[in-house]
1. Here are some values of Rg/Rh (Cα atoms, Kirkwood Rh): (1) 1.09; (2) 0.97; (3) 0.93. Which one was computed from this structure?
2. How much of the accessible area of the chain, probe 1.4 Å, is carbon plus sulfur, in whole percent?
3. Residue farthest toward the positive end of the dipole of the chain, with Cβ of Lys/Arg at +1 and Asp/Glu at -1: which of VAL148, THR171, LEU15?
4. Give the calculated FRET efficiency between ARG84 and CYS105 to the nearest 0.05, with a Förster radius of 35 Å applied to their Cβ-Cβ distance.
5. Probe of 1.4 angstrom, ligands and nucleic acids ignored: what's the accessible area per residue over the chain, in square angstrom?
6. Taking the Cα centre of the chain as origin, work out the dipole magnitude from +1 charges on Lys and Arg Cβ and -1 charges on Asp and Glu Cβ, in debye rounded to 20.
7. Once phi is turned into ³J(HN,Hα) by the Karplus curve 6.51 cos²θ - 1.76 cosθ + 1.60 with θ = phi - 60°, what whole-Hz value does each residue of region 11-25 show in order, with x for glycine and proline?
8. Quick one: among LEU158, LEU55, LEU88, which has the greatest mean-square fluctuation in a GNM of the chain with alpha-carbon springs under 10 angstrom?
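The values are calculated or read from the model by the stated rules, or taken from the named source; none is laboratory data. All values derive from a computational prediction rather than experimental measurement. A quick note on method: Cβ atoms are made from the backbone with ideal geometry, for glycine too, and the neighbour counts reach across all protein chains shown. When the accessible area is computed, the model is the full protein with side chains, heavy atoms only, and any ligands, DNA or RNA have been set aside. Shrake-Rupley method; radii C 1.70, N 1.55, O 1.52, S 1.80 Å.
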Amino acid sequence: MLTLAAERLHLLARLDPDVDTARRLREIAHQCDSPLFGLWAELADGLARRDPIVLDHVATAFEERGHLRLAMEALAPAASAYQRRGDLRRANAVTHRIQLVRERCEGWWPQWHPAAPPVASALTAREQEVCELAASGLDNAAIAARLVLSVRTVENHLQRAYHKLGVAGRTQLRLALMPEAAPSGR
């Protein structure tokens, strides 16, 4: 009976997040020996409170246990919540994680989430290209020569990208494009 109740509350929390549903699921999780039920309760709580930190944490726990689809279900609202808070760097990092996990899920996407992952940055192809070269260490003149652009055009692409990514310079740009390069503890 507890398993059925937990499964139903887990489904309800995913379809219609609510703090009361999260509380009831947590109560059931405390009565069971399955660590999965505790993660379900944590997911329900993060969804109900729209807390990107909780959602990001539970996504990591799901991913570590091989529950990739559940990780996706936590990452998508985490990216949206970071974006709503104006934390574009974290939103972009989570969006990058979504893409990596989605590849491991063969393109699967939760049916009750928007049809596509949230995009924090929406860089154009050229902005992405310029940013990748800048993050690799090339200066503006070298990027301009390689892409057959003026230095001023490279600067403009970088400035628009910095704004979209919510970063202030090349060091932060590298971290936004490659979040796995960030030192742990940040």
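1. Here the calculated entry is (1).
2. Summing carbon and sulfur atoms, their accessible area is 51 percent of the total for the chain.
3. The Cα lying farthest towards the positive end belongs to VAL148.
4. Calculated value: 0.90.
5. Per-residue accessible area for the chain comes out at 54 Å².
6. Magnitude of the dipole: close to 540 debye.
7. 3J(HN,Hα) across region 11-25, in whole Hz: 4, 4, 5, 6, 7, 9, x, 7, 5, 5, 4, 4, 4, 5, 5.
8. The residue with the greatest mean-square fluctuation here is LEU158.
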